[in-house]
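The values are calculated or read from the model by the stated rules, or taken from the named source; none is laboratory data. What you see is a predicted model, and the numbers here were worked out from it, not measured in a lab. No Cβ is skipped: glycine too gets one built from the backbone with ideal geometry, and neighbour counts run over all protein chains shown. Note: areas computed on protein heavy atoms with side chains; ligands, DNA, RNA excluded. Shrake-Rupley method; radii C 1.70, N 1.55, O 1.52, S 1.80 Å.
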Amino acid sequence: MGDDVKVLITGKLPDSVIERVRKIHAVTSHDAELPMTRDQIRKAIVEQDGLLCMITDKVDADLLDHAPKLKMIANYGVGYDHIDVSAVSGRGIPVSNTPGVLTNATADLAMALILGMGRRIVAGDAKTRRGDFKFWSPMHFLGREITGKTLGLIGLGRIGKAVARRAAGFDMRVVYYSRHRLSPEDEERWGVSHRSLADLLGMADYVSLHVPLSGGTRHLIGERELKRMKSSAFLINTSRGPVVDEKALVAALKAGRIAGAGLDVYEKEPELAPGLADIQNCILLPHVGSATIETRTRMAELAVDNLLAGLAGERPPDCLNWDQVADRGNR
Ligand code: NAP
């Protein structure tokens, strides 16, 4: 512990990473797996100069009102929909995220859900364990092909592109929808072609979501969009739960309007929409897109790099609002 600068780390991170912060600042860290409650954070933040927060911590004007000394917020995660960036910027506080380091792990998981749904891997495992594997037969337990099928990527940023790269290995035809088109050279490089959302939904065998959660993407996939999908198609969501209207998804799955869903995230996480857990043709994961030992360690390192830079008055490498806070000259 060094100077008088105080830092709150709201999640359990590797000791070696916390130690880097502890060498120069006074650290309060949360050691339990269960996230800190809002009340706990509100109480603890009063004295803090730096906050390293988790995606489950809502950082809004109310919380900031309890943090008069706060000078830097480092988010542990790439998605920052839980942070009111304009309220943070209004107080002259830099805020950062951890882009890039979790791209491959999340793309791997999206691919795992595509393979898992298409080939019924989880259902097949359950059937075998139940003792229901009693014979081999030509029409027994058929899935859907992945190779050669059409993959529709909604959002083609870091993770979307990494999924496109993986899909090329399966000879999939990859179409994408995002607000901005890539250049023709980049479309060729990534092996993708742009479609309207409606066209993509109507043609894809697998629809995989890779957009951030924002006002523009909340319920991007609702009843109308699910109706546009082929009845043989699968929806894969490793982005954020509220991008999908989960009630509409449950209805579509129950009615057999789509073939199934592979989900890592939920609209009211960790709660599931009523009926979702009873539906058999879906895989439900507990928000583990970036959850590998390697990636979670890299995320912790990167969040700390950002935190320490911000507290030293330097531009954090992954700052989300540098222009806004630089304008205020408030660092
Ligand atoms: P990124 O590089 O910023 O890419 C986001 C993509 O979404 C861009 O192609 C963007 O293109 C598109 N987009 C944004 N708003 C849109 C809109 N309104 N309509 C259509 N497309 C839109 O982000 P990333 O690193 O790939 O991460 C994507 C998201 O994945 C994160 O924000 C996070 O929420 C989620 N994630 C989840 C996990 C997990 O554990 N499951 C792990 C990592 C990340 P345009 O701007 O051209 O539209």
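Quick notes
- Based on C-alpha pairs under 8 angstrom that are at least 6 apart in sequence, the stretch 164-231 has a relative contact order of 30 percent.
- Along the chain, the longest continuous region that contains none of the GluC sites (Glu not before Pro) in a DSSP loop with at most 15 other C-beta atoms within 10 Å is 146-313.
- Charging the Cβ of each Asp and Glu at -1 and of each Lys and Arg at +1, and nothing else, the dipole of the chain about its Cα centre rounds to 1000 debye.
- Pairs of lysine residues in the stretch 103-284 that meet both criteria, 8 or more places apart or on different chains and Cα atoms under 20 Å apart, total 9.
- Prolate/oblate/rounded call for the stretch 103-284, Cα gyration tensor, a/c under 1.5 rounded: oblate
- Spacing of the two label points (7 Å from each Cα toward its C-beta) at LEU197 and ALA87, in nm: 2.7 nm
- Selected from SER86, PRO316, LEU235, residue furthest toward positive end of dipole (the chain; charges at beta carbon): LEU235
- Two-site FRET efficiency, ARG165 against ASP4, from Cβ-Cβ distance with R₀ of 51 Å, rounded to 0.05: 0.60
- Using C-alpha pairs under 8 Å with a sequence gap of at least 6, the mean separation divided by the residue count of the chain gives a relative contact order of 19 percent.
- Additional length obtainable on full extension of the chain from GLU47 to HIS180, 0.36 nm per residue less Cα span: 43.6 nm
- The charge dipole of the stretch 103-284, taken about its Cα centre with unit charges on the Cβ of Lys, Arg, Asp and Glu (plus for the first two, minus for the last two), comes to roughly 280 debye.
- Net +/- balance of residues flanking GLU246 in space, Cβ distance below 9 Å, scoring K and R +1, D and E -1: 0
- Shown for the chain: the carbon plus sulfur share of the solvent-accessible area, taken with all protein chains present and a 1.4 angstrom probe, equals 51%.
- The mean accessible area for residues of the chain, using a 1.4 Å probe and ignoring ligands and nucleic acids, is 49 Å² per residue.
- Full extension of the chain between GLU314 and GLU145 gives 55.8 nm of extra length, using 0.36 nm per residue less the Cα-Cα distance.
- Gyration tensor verdict on the stretch 186-275 (Cα atoms; rounded if a/c is under 1.5, prolate if a/b is larger than b/c, oblate otherwise): oblate
- In a fully extended conformation the segment linking LYS69 and PHE133 would gain 16.8 nm over its present Cα-Cα distance, using 0.36 nm per residue.
- Placing unit charges on each Cβ (+1 for Lys and Arg, -1 for Asp and Glu) gives the chain a dipole about its Cα centre, and among ALA198, GLY215, ILE24 the Cα reaching farthest toward its positive end belongs to ALA198.
- In percent, rounded to a whole number, the relative contact order of the stretch 191-331 is 17, using alpha-carbon pairs under 8 Å and six or more apart.
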